[in-house]
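*Asks:* For reference, the structure I am asking about is given below.
The values are calculated or read from the model by the stated rules, or taken from the named source; none is laboratory data. Just so it is clear, the model here is predicted, and its values are computed rather than measured. Here the Cβ positions follow ideal geometry from the backbone for every residue, glycine too, while neighbour counts run over all protein chains shown. The accessibility values were calculated without ligands, DNA or RNA, using every heavy atom of the protein model including side chains. Shrake-Rupley method; radii C 1.70, N 1.55, O 1.52, S 1.80 Å.
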Amino acid sequence: MPTLLIRIMLALLIISVATPQESEAELEQWCVADEQTPDDELQAALDWACLKGGVDCSKIQQNQPCFLPNTVRDHAAFAFNSYYQRYKNKGGSCYFKGAAMITELDPSHDSCQFEYTP
């Protein structure tokens, strides 16, 4: 009986070592505007993020790298992510009264780079 127990434990050890662990890339998350949220709600959350939330929204201003596409949804996505990356390790969330959602797909595009903080 002890031999069987040792074999089982050895098999479990081998399985646990052979099982791939999640890589850092699989854990990367960004916060973006929820596609289903109306523009007026996105605008209110965007205003809060830029004015009271401590987000630097200069990159979504005209002639800046994240101005285009010039939509409330795209500007909100950038601001939501900036807030989330800055505060996620300090208790901040990606909620914005339901206007935002987490994605594991990097939303960066063209010259607009969405930051990621581990």
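*Asks:* Within the stretch 47-66, can you find the residues that are at negative phi, surrounded by fewer than 17 Cβ atoms within 10 Å (Cβ to Cβ) and part of a loop (DSSP other than H, G, I, E, B)?
*Replies:* Lys52, Asp56, Gln61, Gln62, Gln64, Pro65
*Asks:* Filter the stretch 67-105 down to residues that are open to solvent by 80 Å² or more (accessible area, probe 1.4 Å), charged (D, E, K, R) and touching a residue at least 40 places away in the same chain (Cβ under 8 Å) and give me whichever is farthest from Leu42 (Cα to Cα).
*Replies:* The qualifying residue farthest from Leu42 (Cα to Cα) is Glu104.
*Asks:* Here is a check on your reading of the model: is Gln21 over 17 Å from the mean Cα position of the chain (by Cα), modelled with pLDDT of 95 or more and either of a type in the set (D, E, K, R) or open to solvent by 60 Å² or more (accessible area, probe 1.4 Å) (or both)? So that I can check it myself, show each step before the final result.
*Replies:* On the way: over 17 Å from the mean Cα position of the chain (by Cα): yes; modelled with pLDDT of 95 or more: no; either of a type in the set (D, E, K, R) or open to solvent by 60 Å² or more (accessible area, probe 1.4 Å) (or both): yes.
Judged against the criteria, Gln21 is not a match.
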